[in-house]
Amino acid sequence: MLDLLLDPSFAASVPRFVTPILLAALGGALCERAGVFNIALEGFLLTGAFAAVLGAYFSGSPYLGALAAMAAGMALGLVFAEFNLRRGGDSIVVSIAINLLAAGLTTFLLRAIFDVTGAFSDPAIAGFGTVRLPFIEAVPGLGPILSGQSVLFYISVACVPLLHLFLARHRLGLRIRAAGENAEALRAGGVNPRGVQLLALVACGALCGLGGAQLSIANVNLFVENMSAGRGWIAVVAVLLTGGRPWPLFFIALLFGAVDSLSFRVQGLGLAQQFTDMMPYLATLIVLVTLSWWRAKRAKGDAS
Amino acid sequence: MRVALNDVSVRFGQVLAVDRVSLAIEPGEIHALVGENGAGKSTLMNMLFGLVIPTGGTITIDGVPRRWASPQDAIGAGLGMVHQHFMLQESMSVLENIVLCAEPVGRFGFVDFAEARARVGAIARTHGIGVDLDRPLGRLSVGERQAVEILKVLYREADLLILDEPTAVLTPQEKSRLFDALRSFRAAGKAIVLITHKLDEVMEIADRVSVMRAGRLVASSPLADTTREEIGRGIVGGDLPAPRTRKAQEPGDVILSVDALTVARRGRDVGPISFKLRAGEIVGIAGVSGNGQAELVRALTGLEPLRSGSVRLCGERIDSLDVERRRRLGMSYIPEDRQRMGLALGASVSENANAGRDDRAAYAAGPFLKHRALARFARSLIDNYRIRVAGPRAAAATMSGGNKQKLVVGRELTRGTPLVIAENPTWGVDIGAIDFIHGELMRMRDAGHAILLISTELDEVIALSDRILVMYAGEISGEVAGGEASRDRVGALMTARASDAFGEVA
């Protein structure tokens, strides 16, 4: 086990597991801070993964694939906004509907467009290559991990400080926080909170779409039914645990990504797949329990 | 800027909330708008501010008819409103709160905080309002929060300020600082509308007073041309209720005995608090909201555990009993929040009237409720407490605030328990209902029940209490006998250290 954790190829694989979780979680953070309870990240992610393959296959460019994924995510964000913000549908119901829709629609389109069931893989799907960072690569230890990842990984990491800065100092960031905390005050100030929430949902869709692209056109170039495999849900947990604060979110995503990666690795040790598939969720549970225990303890400490 | 409302009306469903009101608001004038709850004052001002769209009439500014679809338009036209329930963001800093919705921006839409700080600082200095711009709003006192609200309005260069019940949450000292600030705005040529139901304030500061009743404007004149009595008659549509007389009586046995009680609270614990409450007396607990009253009530009623100390009800220790056992031993509770704690809004009047009573043989046969008996009881409450509602089957949500509160008061007082805990029992109800509820509490006292009255409404505490305990910073900062209580004496105890939201006017 220890050998496994110290194995450089394990460490180097972590970023590609972190990327989709982190991107989806950053999108979810925008919604959380804007006061939209969006637990449709799984559906956003899956749709993004499919749209990425679609775009990359027909255009021959991974960048256009990623753009298609973002567009698909944004479209789902608009769907969410239409039913939740405009028509007043319950956000949990809308989220579940979108998650089911995404699973059904991608399966259906897989058959309708590519005439296959289960999975679609084709050399014509243009995937992202790896980006080598010459100087960083030479750093012992961290170098091989940080270099040689897909461009989406670097984008996702860059988004962390950007989102932090955006929420803290940008006009729209300020309004997103206000919409989440006291929307009525925003309205009284002359800004429609729903407009702000709509923008947050669309941006969330774009980020989740990128996360989906990481799943399907970076490292591997294929789409498999339900290939998001619960990563959107893990992102939801990360958002709720951190209250949508970008930096804590980053570290939680790192942890979940690492466990996700590890669960693949230990399959090689002969552990049953059913067990290894549980690992990310087990880790989620442990973090949940530990954090709430720690918070309760701290709250008590504060009071005394 | 001269703002005029001409024959404006607004209809909510069947109810004409504002009925053809015409009003002119002049610059350099403090215009008091008075009336009972539900008289239409707030609706009228929400209309002026673009939060409610009028169904008839026009609004003109300097003679030009204007029409707005949202507050944004009203703000653009130079109107600003300080709402009764503050419109603030707890987690943001004071500066962020002030500039929100009108942020000065630099490159890429990022907020130019240096510019914001300079502008807000200049405004604060002009009107002598001192607030630390970098403090998180969550740490501010109520008075300081109000200063932030006012700075918000001034920052957006409003020429007309609407203040909705601004003094409801302030100590007398904070109130006088607020009024100093308002006088400074008046001197600067701004128009000010002060919505209030306190006649003292009208007499103290207003230049002109308009009275609303049941959606109509019943009077509007310069303050000099009217009298306090005339305004009062306009508000209630008759003479003001006579001041209450109290029966002199010796307090009886100790009903409630609180000894060194402390309650956990974020930051600093509440307590230690010790006092005794005897049969046949009303003990009032005064204080600015947030000084530990809520925690004390929650600990007494069993909604929150004590950290230490003891509570005895009729000689029995109750501090580790649950809510139900405490109520059975002889405690009734009129909670501050009738919407959430006092009533189940979706349930019927009958169900609400019987909540906590449905375990008795008269109302239940085994696990089943006797609906006819429940309805009979609800009907008797409706009659005896003059509750205006369609009937026992109507949903509790269909009643007005005052009638909801009467239902809660009736349900709790008819239990006839030795101890009644009343927490802001007249919060947000009209004068008629206030008078009725006060009468009922006094009647209970005269009948030998012990009443603990927790209220942030100083006049209420002074009018009803035999003894007044003042809470400040989680402790009892002093006791005043009911007879010798004056606003200033109690007010001084309420702020052992006065906050400095409104500094001296420069």
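Coordinate-derived values only; no laboratory data. Since we're looking at a predicted model, the values are computed, not measured. Cβ coordinates were reconstructed from backbone atoms using ideal geometry, including for glycine residues, and neighbour counts include every protein chain displayed.
Brief remarks follow.
- Only Cα sites of chain A enter the Debye sum here, all with the same form factor; the resulting log10 I(q)/I(0) across q = 0.09 1/Å is -0.45, listed in q order.
- Treating r as the C-beta distance of residue A:154 and residue B:123 and R0 as 56 Å, the FRET efficiency rounds to 0.80.
- Residues B:153, B:258, A:289, ranked from the fewest to the most other C-beta atoms within 10 Å, line up as A:289, B:153, B:258.
- Note on region B:3-236: antiparallel DSSP beta bridges, both residues inside, total approximately 55 percent of the bridges counted.
- Taking the convex hull of the alpha carbon positions in region A:96-210 and averaging its projected area over all directions gives 11.7 nm².
- By the compact-protein rule of thumb, 2.2 N^0.38 Å, the alpha-carbon radius of gyration of the protein assembly as shown corresponds to a ratio of 1.13.
- Within 10 Å of the Cβ of each residue in B:95-108, the mean number of Cβ atoms contributed by other protein chains is 4.
- Within straight-line reach of residue B:404, meaning a Cα separation under 18 Å, there are no lysines at least 8 residues removed in sequence or on another chain.
- Size descriptors for region B:107-173: radius of gyration and Dmax over Cα atoms are 13.4, 46 Å.
- Rg in Å to one decimal, and Dmax rounded to a whole Å, for chain B via C-alpha atoms: 24.4, 73
- Under the span-like rule (Cα at least 30 Å along the axis, Kyte-Doolittle mean at least 0.0), DSSP H helices of chain A: A:8-34, A:91-114, A:193-217, A:273-303
- Ranked by how many other Cβ atoms sit within 10 Å of their own Cβ, fewest first, the residues B:231, B:98, B:462 fall in the order B:462, B:231, B:98.
- By the count of other C-beta atoms within 10 Å, a proxy for reagent exposure, B:91, A:150 are ordered fewest to most as B:91, A:150.
- Computed over region B:56-151, the ratio Rg/Rh where both radii use C-alpha atoms and Rh is Kirkwood: 1.03
- Normalised contact order of chain A, rounded percent, pairs of Cα under 8 Å and 6 or more residues apart: 36
- Couplings for region A:117-128, taken from phi via the Karplus curve 6.51 cos²θ - 1.76 cosθ + 1.60 with θ = phi - 60°, read 10, x, 8, 10, 9, 7, x, 6, 6, 7, x, 6 Hz in order; Gly and Pro are left as x.
- Shape metrics for region B:1-93, restricted to C-alpha atoms - Rg then Dmax, Å: 13.9, 43
- All-pairs Cα distance distribution in region B:3-236, expressed in whole percent, bin size 5 Å: 1, 6, 14, 18, 19, 16, 12, 7, 4, 1, 0, 0
- FRET E, pair residue A:137, residue A:274, Förster distance 51 Å, beta-carbon r, rounded to 0.05: 0.85
- Within a straight-line Cα-Cα reach of under 21 Å, residue B:152 can be paired with the following lysines, leaving aside sequence neighbours fewer than 8 residues apart in one chain: B:175, B:190.
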